[in-house]
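Worksheet: one structure, shown below.
What follows is calculated from the coordinates using simple rules that are stated; it is not laboratory data. Everything quoted here is computed from the prediction, not taken from an experiment. Using ideal geometry, Cβ is built from the backbone for each residue, glycine included, and neighbour counts are taken over all protein chains shown.
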Amino acid sequence: MPFVLKEIPRLKYAATRDGFGLGLLEAAKKNKNIVVLSADLTESTRCLPFKEKFPERFIQLGVAEQSMASIAAGLALGGKIPFITSYAIFSPGRNWEQIRTCIALQNANVKIIGSHAGLNVGPDGATHQMLEDLALTRVLPGITILSPCDVAEAKKATLAAAKIKGPVYLRLAREASPIFTGSTTLFEVGRMQIFREGVAATIIATGPLVYEALKAAEILKIKDKLNVRVINCSTIKPLDKKTIIESAKKTGVIVTVEEHMVAGGLGSAVAEVVVANHPVPMEFVGIKDKFGESGKPQELLEKYGLTARYIVAAVIRTIARKNKK
């Protein structure tokens, strides 16, 4: 059945990092080999319930993200399942070389949790707004990259990450965002979810901006009589190439949406598949070669052109390019 957008007044809000905290605790109860390493951000990254429940499996390293990645690799090679937790700007930002050499190169079973990714850290500004993490991690061989759209999917992604053999990067947001999926909504690593069907264009979005994509599709239907397919890309790597190619053939237009630099992120990944298999007009809604700045999260999404109205405009422009052929 196609996904149906709930009415806004009925929606509840929570941050995807909250879903991680819930999923981590559930996974740890089932698997005694799960351990957590924190870089002095236990409460912010939602590891505090784990620390209180399993203090003997919790390691506080302080502000030492590079050491955290290296130690986690050793623990993984010794049979543990380490979750390393920090803000995304510090992990994978500060410790990328240790993630590359100690974790990815060894195919170590480490789960890298990058919280507070994107613009939504708001007033913290450019120094803490990680907009390059998908590009940094996507280039690493053998890594799985998960980017859940809401708190419910974040919990599922955390449980899935605990079962994957090998390195995983889980991208999370600080700001509360709409909860629009539930326990029965499909989640499968490596598979996109079609949340709304349509033939006029395809919108492929990731993270909390999936909700903005659904809003855009509703606007396009009401104002422009266009039925647009909306896809949730919760797995950035391995990418669901089959769904991308099928969407390109069915709609002839693809717009990607991400709270990340356009270069190297979801849009780049989708474009690689499209150009090699079924080229169609594309447009990329994301950060275009700029750093962030301080401001309220919603104001920043507007300033950088990431809300529904900008997605609508991108779809209209791309359809116009298609019709010129």
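Details
- Highest-first arrangement of 207-214, 317-324, where packing means the average Cβ count within 10 Å: 207-214, 317-324
- Taking each of 12/290; 155/237; 51/290; 163/288; 30/215; 51/215 in turn, the alpha-carbon distance tops 29 angstrom for 12/290; 51/290; 163/288; 30/215; 51/215.
- Between region 142-209 and region 5-69, the Cα center-to-center distance that results, in Å: 17 Å
- The residue among 310, 287, 226 whose Cα reaches farthest toward the positive pole of the charge dipole of region 193-323, with charges on the beta-carbon of Lys, Arg, Asp and Glu, is 226.
- Residues within the reach of a label modelled at residue 53 (point 7 angstrom out along Cα to beta-carbon, backbone nitrogen below 16 Å), restricted to region 155-193, are 155-163.
- Distance from the alpha carbon centroid of region 89-117 to that of region 285-325 works out to 29 angstrom.
- Correct choice for Cα extents along the principal axes in Å that was computed from the model, options (i) 61, 42, 38; (ii) 56, 50, 38; (iii) 63, 43, 42: (i)
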